[in-house]
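Colleague: Please read through the structure below; I'll follow up with questions.
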Amino acid sequence: MNAAAPPTIGIVDYGMGNLRSVEKALEKVGARATITRDHDALRGADGLVLPGVGAFPKAMERLRELELDALLGDRLASGTPVLGICLGMQLLFEASSENEGAWGLGFLAGRVDRLAAPGLKIPHIGWNSVRWTRRSELLDGLPDQSSFYFVHSYAPVVPADDDVLGTSEYGRRFVCAVERPPLYGFQFHPEKSSSGGLRLLGNFAGICAAVRAPA
């Protein structure tokens, strides 16, 4: 990241996520990270991160209760970079089949389904290789194939190839990174993925700094 003033990135606190590790990783790459559910603070941030650990239906319930679903939509429509991580990436899609099923934020076309991995343990936990499907400023400094840390049982089925940025394999090929600027998402945990993950977060911070509105 190369910016005179570090960007402020709001980490959306809706009660479901390993927020502190995301905060520490963003601070390590030079961003000012704030964990908050305060609408004014989130509206004033240069970028937003939607983390998440847990069940999709409960997460959507919490986002709606706190009216953070509408806030995320407004900020995205205004051109603010938004990054979903793990469950946070899944929430960007239209719906999930998890538990009794639930509607998502609907920012991207697609549905989240349980991993099809016959003979393999679910959840998928550990390091796995990610192959990028195209180049992006989010991937600056990364090779065409990198390894990242995963913890998940579900993954999105994405009908639009243009939205897919990266794939991995666990029993079958699945989408693990998406991009439709200013919207981005990772199924893996960049904050737990050593130098490669920090590179991704640093690139996201750089994107946030670049689109910052003039003072």
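Colleague: Go through Ser96, Ser21 for me and flag whichever is under 18 Å from the mean Cα position of the chain (by Cα), surrounded by fewer than 18 Cβ atoms within 10 Å (Cβ to Cβ) and touching a residue at least 40 places away in the same chain (Cβ under 8 Å).
Modeller: Result: Ser21 is the single residue among Ser96, Ser21 that is under 18 Å from the mean Cα position of the chain (by Cα), surrounded by fewer than 18 Cβ atoms within 10 Å (Cβ to Cβ) and touching a residue at least 40 places away in the same chain (Cβ under 8 Å).
Colleague: Do we have Glu179 as over 16 Å from the mean Cα position of the chain (by Cα), more than 19 Å from Ser97 (Cβ to Cβ), in a strand (DSSP E or B) and at pLDDT 95 or above here?
Modeller: It is false that Glu179 is over 16 Å from the mean Cα position of the chain (by Cα), more than 19 Å from Ser97 (Cβ to Cβ), in a strand (DSSP E or B) and at pLDDT 95 or above.
Colleague: OK, next. Output the number of residues of segment 94-125 satisfying the condition of being outside any strand (DSSP E or B) and either among the aromatic types (Phe, Trp, Tyr) or closer than 23 Å to Glu169 by Cβ (or both).
Modeller: 12
Colleague: Only one residue in Phe174, Phe188 is under 19 Å from Gly88 (Cβ atoms) and under 13 Å from the mean Cα position of the chain (by Cα), so which one is that? Steps first, please.
Modeller: Details: Phe174 fails: under 13 Å from the mean Cα position of the chain (by Cα).
Selected residue: Phe188, the only one of Phe174, Phe188 that is under 19 Å from Gly88 (Cβ atoms) and under 13 Å from the mean Cα position of the chain (by Cα).
Colleague: Helices (runs of 4 or more DSSP H) wholly in segment 1-93 with at least 2 residues that are in contact with an Asp or Glu (Cβ under 7 Å, 6 or more places away or on another chain) and at pLDDT 95 or above - which ones? Lay out the reasoning, then the answer.
Modeller: Details: elements: 19-28, 39-44, 56-65, 68-77, 87-90.
Of the helices (runs of 4 or more DSSP H) lying wholly inside segment 1-93, those with at least 2 residues that are in contact with an Asp or Glu (Cβ under 7 Å, 6 or more places away or on another chain) and at pLDDT 95 or above span 19-28, 56-65.
Colleague: What is the residue count in segment 142-154 for residues that are under 26 Å from Cys208 (Cα atoms) and at pLDDT 95 or above?
Modeller: 5
The values are calculated or read from the model by the stated rules, or taken from the named source; none is laboratory data. The structure presented is a predicted model; accordingly, all values stated were derived computationally and were not measured. So basically every Cβ, Gly included, is an ideal-geometry build from the backbone, and we count neighbours across all protein chains shown.
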